[in-house]
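Okay, so here's the structure we're looking at.
The values are calculated or read from the model by the stated rules, or taken from the named source; none is laboratory data. Please read these numbers as outputs of a predicted model, since none were measured by experiment. Here the Cβ is made from the backbone with ideal geometry for all residues, glycine too, and neighbour counts use every protein chain on show. What goes into the accessible areas is simple: the full protein's heavy atoms, side chains included, and nothing from ligands, DNA or RNA. Shrake-Rupley method; radii C 1.70, N 1.55, O 1.52, S 1.80 Å.
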Amino acid sequence: MEEFLKQYYALITYGVELLAAVTGLLCLKKYKTTAAKYFIYFLVYVFILELLGNYPKALKYIDGAYLIKDTLIETNYWWFNLFGRIGFSLFLSIIFYNILTIKIYKKIIKHTVSILITIAFLYSFLNFQSIFKTSDIVLTFISLSLILTCLVLYFLEMLQSYKVLNFYNELYFYISSAFLIWYLITTPLIFYQIYFSTADWSFIFLKWQIFLFANVFMYLTFTFALIYCKPEKE
């Protein structure tokens, strides 16, 4: 039952991620002269990241688990620690760097990226083994700090411009709001990670349900925004 629910939740998540990525590719011509094209590339990146990150289950399904047995990559923790947390936040920071127009805000993102990504790689080097064994809380915090910095700067810039009067037509408003709501919903679960074990299946189910709701809401918002919004004038 537990495995069925886990696969069911994962399948729905893959579905909405694929929907958002395909919608983005179909709308690529519409946004090709704007910074939104980087966001579309990001959606494709996320889908591929999730798909390839499922390699342990894929190998097990085809009886190939022995290929990675007793190796550092036997689990996919390293994949999501490096390409998920660090790669994810780095990609998003590039997107917001291209979205923002106020020079001081762009500089803040640039310097924040330089500092936090340097810390992340140094930490990964010094804690090489742990990166392969668990979802690292430090890398999660670094990723969260970088993304929240980008979101705060975007909303500050919007409040200082005429765009605030027409926010409901702004693609980046929907993108930023969806990310912010997603992090507000899911971040508290990080502090209860110690309970994520077979000793408390109630918490496990609750966590899966919360992440499922958050993922569906976020990617459906992206899909809607890409279709509904018009590209900004360059």
#### Entry: the chain: angle of helix 201-228 to the longest principal axis, Cα-based, in degrees nearest 10
30 degrees
### Task
Using a Gaussian network model of the chain whose springs link C-alpha atoms within less than 10 Å, name the residue from Val164, Val113, Val46 with the highest mean-square fluctuation.
Val164
### Task
Compute the length gained on full extension between His111 and Tyr66: take 0.36 nm times their separation in residues and subtract their Cα-Cα distance, giving the result in nm to one decimal.
11.8 nm
### Query
If you build a Gaussian network model of the chain, linking Cα atoms that sit under 10 Å apart, which residue out of Ala58, Ala214, Ala178 swings the most?
Ala58
### Summary
Volume per residue (Å³) of the convex hull spanned by the alpha carbons of the range 96-233 is 123 Å³
### Message
Restricting to DSSP loop positions (anything but H, G, I, E, B) with no more than 13 other Cβ atoms inside 10 Å of their own Cβ, which chymotrypsin sites (Phe, Trp or Tyr not before Pro) remain in the range 141-191?
### Response
Phe191
#### Entry: Acute angle (nearest 10 degrees) that the helix 2-26 long axis makes with the longest principal axis of the chain, alpha-carbon atoms
30 degrees
## Note on the structure
the chain: longest segment with zero exposed trypsin sites (Lys or Arg not before Pro), where exposed means DSSP loop plus at most 10 other C-beta atoms within 10 Å, is residues 70-232
### Query
When the helix-only estimate is applied to the chain (DSSP H runs of n ≥ 4, each -39,500 (n - 2.57), divided by the residue count), what is the mean residue ellipticity at 222 nm, nearest 500 deg cm²/dmol?
-23500 deg cm²/dmol
## Note on the structure
Here D for the range 1-54, in µm²/s, from Stokes-Einstein with a Kirkwood Rh over Cα pairs at 4 °C and 1.567 mPa s, works out to 107 µm²/s
### Query
For the range 54-144, treating each Cα as an identical point scatterer without solvent, what Debye log10 I(q)/I(0) comes out at q = 0.20, 0.24, 0.26 1/Å?
-0.91, -1.11, -1.21
### Largest to smallest accessible area among Asp70, Asp136 [probe 1.4 Å]
Asp70, Asp136
### Task
Give the accessible surface of the chain per residue, rounded to a whole number of Å², with probe radius 1.4 Å and ligands, DNA and RNA excluded.
58 Å²
### Message
Quick check on my link table: of Lys107/Lys230; Lys32/Lys163; Lys106/Lys207; Lys103/Lys207; Lys6/Lys133, which ones sit more than 32 Å apart, alpha carbon to alpha carbon?
### Response
Lys106/Lys207; Lys103/Lys207
### Query
Carbon and sulfur together cover what percent of the accessible area of the range 75-203 at a 1.4 Å probe radius?
73 percent
### Message
Starting from a Cα-only point model with no solvent, please compute log10 I(q)/I(0) by Debye for the chain at q = 0.07, 0.12, 0.13, 0.15 1/Å.
### Response
-0.25, -0.74, -0.87, -1.14
